[in-house]
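Heads up: the structure comes next, in structure tokens.
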Amino acid sequence: SQELEQSPQSLIVQEGKNLTINCTSSKTLYGLYWYKQKYGEGLIFLMMLQKGGEEKSHEKITAKLDEKKQQSSLHITASQPSHAGIYLCGADGHPGGSEKLVFGKGTKLTVNP
Amino acid sequence: DTEVTQTPKHLVMGMTNKKSLKCEQHMGHRAMYWYKQKAKKPPELMFVYSYEKLSINESVPSRFSPECPNSSLLNLHLHALQPEDSALYLCASSHRGEQFFGPGTRLTVL
């Protein structure tokens with residue numbers, strides 16, 4: 001079965017600093033999703049990446065997919081306290097998509113003002 | 001309407017109670033999901049409904065019973081739960097692979 005490993009497990013940064021979170025898959029990635037979750041709340045969809053080399057940005061968050069390395073990275077530029085939360089990567093292991101997403105264990109981000 | 005709603009937000013129940021969780025979406029999505037999330041853990045898939053039919057059951061105990069009355073509604077019926085079933089229960093719906101999550105129901109079993 002597919003497994004996703006996220007690093008780091010937790011991250012504390014000063015407001016204004018840049019940061020990167022990584023997600024590495026044990027199997028070929030056919031679709032990679034990034035979500036953000038505040039404690040005890042639902043997941044907020046950030047981005048979906050489907051093609052090798054694909055890169056997407058939304059506001060100050062950029063995600064890239066390296067298909068060969070079976071890895072995705074999430075980069076936040078000039079972090080703000082509002083970026084704090086748990087970032088989860090999710091993946092489906094079937095070409096053409098599937099109904100079953102597997103999630104990484106998450107990266108807890110703290111941004112100090 | 002671009003959201004998934006879940007009720008109730010919080011639920012406390014005894015081990016002999018019967019209760020139901022409700023999920024609703026009006027985005028026309030044909031796949032709906034139930035996930036269970038324990039503290040500091042990622043969500044774990046429980047059930048998937050596709051076009052109102054159960055397509056995936058991740059070997060969930062029968063004390064959890066899903067129901068999809070129509071394309072907009074998804075219920076999770078709970079009966080004779082155990083304290084270890086206490087968790088955040090998340091509902092999601094999907095379109096073209098992108099899953100939209102509801103805010104969750106925080107369930108406590110006493």
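Each reported figure results from applying straightforward, stated rules to the coordinates on display, with no laboratory input. Here the structure is a predicted model, which means the values were calculated and not measured. All Cβ positions, even for glycine, are placed from backbone atoms using ideal geometry, and neighbour counts span all protein chains on display.
Structure summary
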| item | result |
| --- | --- |
| Residue within the stretch B:69-80 that is surrounded by fewer than 20 Cβ atoms within 10 Å (Cβ to Cβ) and within 14 Å of chain A (Cβ to nearest Cβ) present | no |
| The lone exception for A:Ser79 - which of (1) of a type in the set (S, T, N, Q); (2) touching an Asp or Glu at 6+ places or on another chain (Cβ under 9 Å); (3) surrounded by fewer than 21 Cβ atoms within 10 Å (Cβ to Cβ) it fails | (3) |
| Selected residue (criterion: farthest from B:Cys91 (Cα to Cα)) from residues of the stretch B:1-22 that are within 11 Å of another protein chain (Cβ to nearest Cβ) and of a type outside the set (Val, Ile, Thr) | B:His10 |
| Some residue of the stretch B:31-51 being under 10 Å from the mean Cα position of the chain (by Cα) and small (Gly, Ala, Ser) | no |
| Hits in the stretch B:24-53 - residues which are touching a residue at least 60 places away in the same chain (Cβ under 8 Å) and more than 11 Å from chain A (Cβ to nearest Cβ) | B:Gln25, B:Met27, B:Gly28, B:His29 |
| Which numbered condition B:Ser59 fails, given (1) over 30 Å from A:Gln9 (Cβ atoms); (2) more than 12 Å from chain A (Cβ to nearest Cβ) | (1) |
| Hits in the stretch A:25-45 (condition: closer than 10 Å to A:Ala91 by Cβ and either aromatic (Phe, Trp, Tyr) or within 9 Å of another protein chain (Cβ to nearest Cβ) (or both)) | A:Tyr30, A:Gly31, A:Tyr33 |
| Residue in the stretch A:65-76 that is surrounded by the fewest Cβ atoms within 10 Å (Cβ to Cβ), counting only those that are outside any strand (DSSP E or B) and touching a residue at least 40 places away in the same chain (Cβ under 8 Å) | A:Lys69 |
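Yes/no matrix, rows are residues, columns are (1) among the basic types (Lys, Arg); (2) surrounded by 18 or more Cβ atoms within 10 Å (Cβ to Cβ):
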| residue | (1), (2) |
| --- | --- |
| A:Val13 | no, no |
| A:Thr24 | no, yes |
| A:Gly42 | no, yes |
| A:Lys60 | yes, no |
| A:Ala63 | no, yes |
| A:Gly85 | no, yes |
| A:Ala91 | no, yes |
